[in-house]
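Structure first, commentary second.
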Ligand code: GUN
Ligand code: ZN
């Protein structure tokens, strides 16, 4: 790797990192969003992206430049930074998206990588094959083979160029999760620099966030933790928290511009149509200076420019919020909140929690107290880790596991706090057992606490256990083995 990616702070699978882009001479903090700039239609000046939005990275399409009679020679002579009037780092895509849309393109991986290098791209991309979701395994596997050959070729071209241009190794495999993991392992050993997860746009457009979550998790399983991961074509702020919690570091967004063209207004809870808004739920400069009605009655160009600006503001604001949540250790609370914006996003969140053991690997061992704010919290990595720990604790004699006070008649009294379950009293003040729970708990938290009781009982088959509880639901009590004596308190 000629670029360096260093991770700084973690929360669940999310991290704050620094990606060094040597050709541009910049180090970019991640998670980062790369606005998509179309060389022909610039809804917002790239210079403004840099100055107003502090965006140090953008992505443009080298294939469009390569095929353009107007721009090709210009970009070859003056370079892509001058052409776009942008001083930050520029990543270039290869035409793979056009390949997916139109079935063929007029350029090879070798040609487009050399062209990207020639025009001064800071991060280049080979021609991967974006296999759509739900195709048969044979097709997905055959196309992945081609993508892998092109990644190998890209590695050779990069070496020949002796240049500092970073090169991406896109990860394909359609909805076949084992192929995604295999693709990720291959990409990880390629020596290339950035790892985009490809062909998820059709899934994002259909709100199939559960599938996206499975695909990202499958990919992460094949990559080292120091690999920067880009979620290709993901730019809606409603899903950033989820994608970051899964371990994505880079996003690119054409959504801000495409949606603006159709009078659509992005929010962290979804997309609204301008005509349906009476008030702007945002305090960006556009929304403070105008009412929805004012913008609606403007000419199409002004309307599009203003909406695109709002869309970018809300997008970058959410990214900062996500980064702050990582620093504060409450990213999963933010994911939880965002998941309430759409049922399909809730599916994505629940799928994320299916991979809680993966998140646990990078989740810090200590943070501020967990806020238990929904039934989903029972499946957080902290709970998983606590149950793992219970498997290794040995305890002897007659043990009372109690939601109430200690009882001298027993060898030991442990505390019990749903959703974690039992733990020795000495751990009371240690994270995550400092959890703040509501008084009216959900059933799954009791069930999870009962699972903790089962774990400690199974780990200590010679020990006798009594559980003293306040009104646990039957669904939790039914889980307990016969050898645990149950007493109702209160
Ligand atoms: N943009 C959105 N999806 C993709 C993809 O799968 N590959 C490439 N190269 N670009 C994309
Ligand atoms: Zn706004």
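Quick notes on this one:
- Matching option when the condition is surrounded by fewer than 24 Cβ atoms within 10 Å (Cβ to Cβ), farther than 21 Å from residue 178 by Cβ and in contact with a helix residue (DSSP H, G or I) (Cβ under 7 Å, 6 or more places away or on another chain), among 283, 278: 278
- Residue match in the range 270-281 (condition: under 30 Å from the mean Cα position of the chain (by Cα), closer than 17 Å to residue 236 by Cα and within 9 Å of ligand 2 (Cβ to nearest atom)): yes
- Residue in the range 93-102 that is surrounded by fewer than 18 Cβ atoms within 10 Å (Cβ to Cβ) and away from ligand 1 (no atom under 15 Å from the Cβ) present: no
- Exclusive hit being within 28 Å of residue 45 (Cα to Cα), within 15 Å of ligand 1 (Cβ to nearest atom) and surrounded by fewer than 23 Cβ atoms within 10 Å (Cβ to Cβ), set 64, 123, 112: 64
- Of the residues making up the range 212-229, at least one is in contact (Cβ under 8 Å) with a residue 24 or more places away in the chain, part of a strand (DSSP E or B) and under 29 Å from residue 163 (Cβ atoms).
- Count of residues meeting criterion [assigned to a loop (DSSP other than H, G, I, E, B) and closer than 16 Å to residue 420 by Cα] in the range 441-471: 3
- Here is the figure for the range 192-219: residues that are farther than 30 Å from residue 22 by Cβ, within 10 Å of ligand 1 (Cβ to nearest atom) and in contact with a helix residue (DSSP H, G or I) (Cβ under 8 Å, 6 or more places away or on another chain) total 1.
- The set of residues in the range 404-431 being touching a strand residue (DSSP E or B) at 6+ places or on another chain (Cβ under 9 Å) and more than 19 Å from residue 371 (Cα to Cα) consists of 404, 405, 406, 407, 409, 410, 411, 412, 413, 414, 424, 425.
- Meets criteria (touching a helix residue (DSSP H, G or I) at 6+ places or on another chain (Cβ under 8 Å), more than 30 Å from residue 357 (Cβ to Cβ), crowded, with 21+ Cβ neighbours inside 10 Å and touching a residue at least 40 places away in the same chain (Cβ under 8 Å)) for residue 315: yes
- Filter result (over 19 Å from residue 91 (Cβ atoms) and crowded, with 24+ Cβ neighbours inside 10 Å) within the range 220-235: 220
- Any chance residue 252 is within 16 Å of the chain's Cα centre (by Cα) and part of a helix (DSSP H, G or I): no
- Wholly enclosed helices (runs of 4 or more DSSP H) of the range 93-201 bearing at least 2 residues in contact (Cβ under 8 Å) with a residue 40 or more places away in the chain and over 27 Å from residue 212 (Cα atoms): 109-118, 137-161
- Contacts under 7 angstrom Cβ, first residue in the range 273-292 being at negative phi, partner part of a loop (DSSP other than H, G, I, E, B) and away from ligand 2 (no atom under 12 Å from the Cβ), 6 or more apart: 273/263; 274/263; 275/263; 292/278
- For the range 142-156, the set of residues classified as farther than 16 Å from residue 189 by Cα and crowded, with 16+ Cβ neighbours inside 10 Å consists of 143 only.
Only the coordinates and a few stated rules stand behind these numbers; no lab work does. Since the structure is predicted, the reported quantities are computational estimates derived from the model, not experimental observations. Here Cβ is always computed from backbone atoms with ideal geometry, including for glycine, and neighbour counts include all displayed protein chains.
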